[in-house]
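Presented below is the structure to which this report refers.
The values are calculated or read from the model by the stated rules, or taken from the named source; none is laboratory data. What you see is a predicted model; the values in this text were computed from it and never measured. A quick note on method: Cβ atoms are made from the backbone with ideal geometry, for glycine too, and the neighbour counts reach across all protein chains shown.
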Amino acid sequence: MAILPILQYPDERLHKVAKKIDQVDNGIRKLVRDMAETMYSAPGVGLAATQVDQHIRLIVIDVSETHDDLKVFINPELIQGAGQKENEEGCLSVPGIYEKVSRAERVTVRALDEHGKTFTLEAEGLLAVCIQHEMDHLQGKVFVEYLSHLKQTRIRSKLKKQRRETL
Ligand code: NI
């Protein structure tokens, strides 16, 4: 297993649109393991392949406190969304920034697991937020892009300053 470098906003590669995975093979399963290790070590609750510069439709999520409930979504599709709720979100590609975003409160998602088997999952709470956040990454969208232009400008300069200070 390996810890992969995570692209940092506003890296242009975060805006690439991910392609559908045609075959769930050992290469995909290796990437799943590496992404899970990267997510757990960060630590974070979700990671999209886009964030490790792999532009394919793959997400890993684990919102459990015990870090033993890894969920893998390959070619995920949102088939239903209900309700609306604002939640504070963060992102491993936008470190130290937490902002409120409004999303569906409950979602139903259909995807393949790491064995290529189709499953359907109904989610609410943090898991629902996380699924929508990570699926946005696959579309090339970072959560801060829901915010006003003024806020986005402020976030970019804050990140620039942070990075200068850690050099
Ligand atoms: Ni993110």
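Tabulated values for the structure
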{"read-out": "Within the stretch 38-53, tally of residues that are crowded, with 24+ Cβ neighbours inside 10 Å and among the aliphatic types (A, V, I, L, M)", "value": "4"}
{"read-out": "Candidates LEU126, LEU121 - the one that is in contact with a strand residue (DSSP E or B) (Cβ under 9 Å, 6 or more places away or on another chain) and farther than 27 Å from ASP25 by Cβ", "value": "LEU126"}
{"read-out": "Residues (more than 16 Å from the ligand (Cβ to nearest atom) and either not in a helix (DSSP H, G or I) or not hydrophobic (A, V, I, L, M, F, W, C) (or both)) located in the stretch 141-155", "value": "SER148, HIS149, LYS151, THR153, ARG154"}
{"read-out": "Subset of the stretch 32-79 [among the polar types (S, T, N, Q) and assigned to a loop (DSSP other than H, G, I, E, B)]", "value": "GLN54, SER64, THR66"}
{"read-out": "Filtered residue count, the stretch 34-52, keeping only those that are within 14 Å of the ligand (Cβ to nearest atom) and not aliphatic (A, V, I, L, M)", "value": "6"}
{"read-out": "Some residue of the stretch 148-167 being within 24 Å of LEU58 (Cα to Cα), surrounded by 15 or more Cβ atoms within 10 Å (Cβ to Cβ) and at pLDDT 95 or above", "value": "no"}
{"read-out": "Inter-residue pairs, beta-carbon under 9 Å, first under 9 Å from GLY46 (Cα atoms) and in the stretch 125-141, second among the aromatic types (Phe, Trp, Tyr) and buried (at least 19 other Cβ atoms within 10 Å of the Cβ), 6+ apart", "value": "ILE131/PHE73; HIS133/PHE143; GLU134/PHE73"}
{"read-out": "The stretch 80-93, subset farther than 24 Å from ASP11 by Cβ and in a strand (DSSP E or B), residue nearest to the ligand (Cβ to nearest atom)", "value": "ASN87"}
{"read-out": "Qualifying residue in the stretch 132-140 (condition: assigned to a loop (DSSP other than H, G, I, E, B) and within 13 Å of the ligand (Cβ to nearest atom))", "value": "yes"}
{"read-out": "Residue under evaluation ILE6, criteria (1) more than 27 Å from THR153 (Cβ to Cβ); (2) among the aliphatic types (A, V, I, L, M); (3) in a loop (DSSP other than H, G, I, E, B); (4) in contact with a strand residue (DSSP E or B) (Cβ under 8 Å, 6 or more places away or on another chain), criterion not met", "value": "(1)"}
{"read-out": "Test: residue in the stretch 14-22 that is part of a strand (DSSP E or B) and out of contact with any Phe, Trp or Tyr (no Cβ under 9 Å at 6 or more places or on another chain)", "value": "yes"}
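Each row is one residue, and each column tells you yes or no for (1) within 30 Å of GLN23 (Cα to Cα); (2) within 19 Å of the chain's Cα centre (by Cα).
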| site | (1), (2) |
| --- | --- |
| ALA123 | yes, yes |
| GLU134 | yes, yes |
| HIS137 | yes, yes |
| GLU145 | no, yes |
| HIS149 | no, no |
| SER157 | no, no |
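Residue by residue, here is whether (1) at pLDDT 95 or above; (2) under 26 Å from HIS15 (Cβ atoms); (3) more than 15 Å from the ligand (Cβ to nearest atom) holds:
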position: ASP62; (1), (2), (3): yes, yes, no
position: GLU77; (1), (2), (3): yes, yes, yes
position: ALA104; (1), (2), (3): yes, yes, yes
position: ASP113; (1), (2), (3): yes, no, yes
position: LYS117; (1), (2), (3): yes, no, yes
position: LEU121; (1), (2), (3): yes, no, yes
